[in-house]
Amino acid sequence: MFRFSSTHADVRFPELPEAIEANVRAYLTLDDLDCAAASADVTRARRLASNEISAALQAIGYYNPEFDLAFDQNEDCWQATLSLEPGEPVRYRNVSIEVQGAGEQDIRLRDEVSKAPTVGSVLHHGDYTTFKRSLQRMLAARGYVESRIEPSELLVQPSESSVDMEMVVYTGPRYSVGQVMIDATVFGAGVLDR
């Protein structure tokens, strides 16, 4: 029986809210390394850390963090400690969604649009992407196969801790399947009963 035993290196996040720590850990290559990692791998991970921490924080709305990543090495292993002040989160300042085309009066489509981020809520890129995908699925399911959503970007103003979302949903025409007629003599009654 093969056993692999390795001591996991310690990456500490003192006094960070759980959601922020979880997201930083998910992005941080250092958190995946153990004490047996080659020094070149640790050096590479240290170089990547600043960009990874920034990307992890921006993904959940923190664009103006201040942080320091300190390293300690002893004969057995290394340890990293992240001191972080995330700053003010970026919040939605303006949210504008306009529906144009045959779907303008579609109540179910309007219900889906109402699930958009609201003014004052914190920007979370994952939630924004989930909202857009859900809206695209709804459009397809409701028969708006020529629909498009423009623009598909957020205008983030880090210096103002704000984001503006302007979106136009062009539904195009709504398609539906008409009555389906099947000739039982071609398939046979037994096939159609399935």
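Loop-located chymotrypsin sites (Phe, Trp or Tyr not before Pro) across the stretch 1-95 with a Cβ neighbour count of 12 or fewer within 10 Å are 2, 4, with loop assigned by DSSP.
Under the simplified labelling scheme, the residue 79-residue 127 pair shows an inter-label distance of 3.6 nm, with each label point 7 Å from Cα along Cα→Cβ.
GNM on the chain, alpha-carbon springs under 10 angstrom: the most fluctuating residue among 164, 76, 41 is 76. So the label point goes 7 Å from the Cα of residue 160 along Cα→C-beta, right? Which residues of the stretch 90-124 then have their backbone N under 18 Å from it? Inside the label zone: 90-97, 118-124.
For the chain, leaving out every one of the GluC sites (Glu not before Pro) that falls in a DSSP loop and has at most 12 other Cβ atoms within 10 Å, the longest unbroken run is 76-152. Length available on full extension from residue 170 to residue 50: 0.36 nm per residue minus the Cα-Cα distance, which gives 39.2 nm.
Mean separation of Cα pairs under 8 Å and 6 or more residues apart, divided by the residue count, gives the chain a relative contact order of 20 percent.
Answer with a single label: of (i) 1.21; (ii) 1.47; (iii) 0.95, which was calculated as Rg/Rh (Cα atoms, Kirkwood Rh) from the structure in view? The value matching this structure is (i). Computed over protein heavy atoms with a 1.4 Å probe, the carbon and sulfur contribution to the accessible area of the stretch 18-112 reaches 41%. Taking 0.36 nm per residue of separation and subtracting the Cα-Cα distance, full extension of the segment from residue 179 to residue 104 would add 24.5 nm. Available extension along the chain between residue 114 and residue 137 is 6.8 nm, counting 0.36 nm per residue and deducting the alpha carbon span.
Note that the stretch 39-144 presents 56 Å² accessible area per residue, ligands and nucleic acids not counted, probe 1.4 Å.
Distance between the pseudo-spin-label points of residue 70 and residue 25 (7 Å out from Cα toward the beta carbon): 2.1 nm.
The values are calculated or read from the model by the stated rules, or taken from the named source; none is laboratory data. Quantities reported herein were computed from a predicted structural model and do not represent experimental measurements. Don't worry about glycine lacking a Cβ; one is built from the backbone with ideal geometry, like all the others, and counts go over all protein chains shown. Remember, those area values only see protein heavy atoms, side chains included, never the ligands or the DNA or RNA. Shrake-Rupley method; radii C 1.70, N 1.55, O 1.52, S 1.80 Å.
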